[in-house]
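J.: Have a look at this one before I ask anything.
The values are calculated or read from the model by the stated rules, or taken from the named source; none is laboratory data. As the structure is a computational prediction, the values presented were derived from the model and not from experiment. Cβ placement follows ideal geometry from the backbone for every residue including glycine, while neighbour counts extend to all protein chains displayed.
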Amino acid sequence: MKVRSVVPMRIAKTGYIVMSVALFSSGVLFVSVPDISMQIIGKLLGAIMILFGCFKLVGYFSKDLFRLAFQYDLQFGIIALILGAIILLKPSDVISLLFVAMGIVLLADSLFKIQIAVDSRKFGIGKWWVILTLAIISGVIAVVLILRPSESARILTTLLGATLIAEGTLNLFVAITTVKIIKHQYPDSIEGDCFEMEDENR
């Protein structure tokens with residue numbers, strides 16, 4: 001039986017790392033320059049969400065060894081694609097809701113990562129607690145962004161930047177620690193075949 005191609009897994013992991021760095025860098029930009037134009041913020045975030053959504057879908061269908069980092073990425077990838085497209089196509093209509101929408105999406109991702117941290121512990125991944133800690137920090141900042149403690153665009157942009165920094169760091173750590181690529185991984189069907197052979201032998 002042919003081994004499974006590792007190309008999709010490598011694309012997904014590399015994409016995750018690149019997009020995590022993009023999220024982190026965007027966060028640093030927003031924190032450093034909180035007076036940046038809302039139109040620029042919308043276009044940048046829209047493009048990032050679309051690309052991230054694509055990589056998440058690739059990751060979901062790549063069938064990596066542990067199935068931890070990408071296990072919820074079918075739903076999240078679709079949401080990211082839709083949100084990114086809306087932000088890019090209708091920036092003037094959604095700019096007032098941009099911060100809340102991003103906060104909700106990033107909060108949802110943080111909650112998924114908390115579950116990944118729990119599953120990582122079961123798999124024996126020693127750094128599971130780092131994933132848990134980063135997910136909680138990212139989630140708390142996202143909640144603050146959703147609640148919008150101020151109507152000041154400057155403060156909201158800074159909060160969005162802090163959320164992106166935390167989210168970028170979280171996704172980068174998850175990709176590095178939980179996505180394992182091996183060259184001789186067989187398709188899942190072999191497991192079913194083995195079980196059938198065992199039943200026949202009985």
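Conditions (1) part of a helix (DSSP H, G or I); (2) crowded, with 16+ Cβ neighbours inside 10 Å; (3) modelled with pLDDT under 85, marked per residue:
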| residue | (1), (2), (3) |
| --- | --- |
| Leu44 | yes, yes, no |
| Cys54 | yes, yes, no |
| Tyr60 | yes, yes, yes |
| Leu65 | no, no, yes |
| Ser96 | no, no, yes |
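J.: Within the stretch 114-164, which residues are out of contact with any Asp or Glu (no Cβ under 6 Å at 6 or more places or on another chain), within 25 Å of Phe99 (Cα to Cα) and polar (S, T, N, Q)?
T.: Selection gives Gln115, Thr133, Ser150, Ser152, Thr157, Thr158, Thr163.
J.: Inspect the stretch 103-119 for any residue being at pLDDT 85 or above, more than 13 Å from the chain's Cα centre (by Cα), farther than 19 Å from Leu51 by Cα and basic (Lys, Arg) and give the result as yes or no.
T.: no
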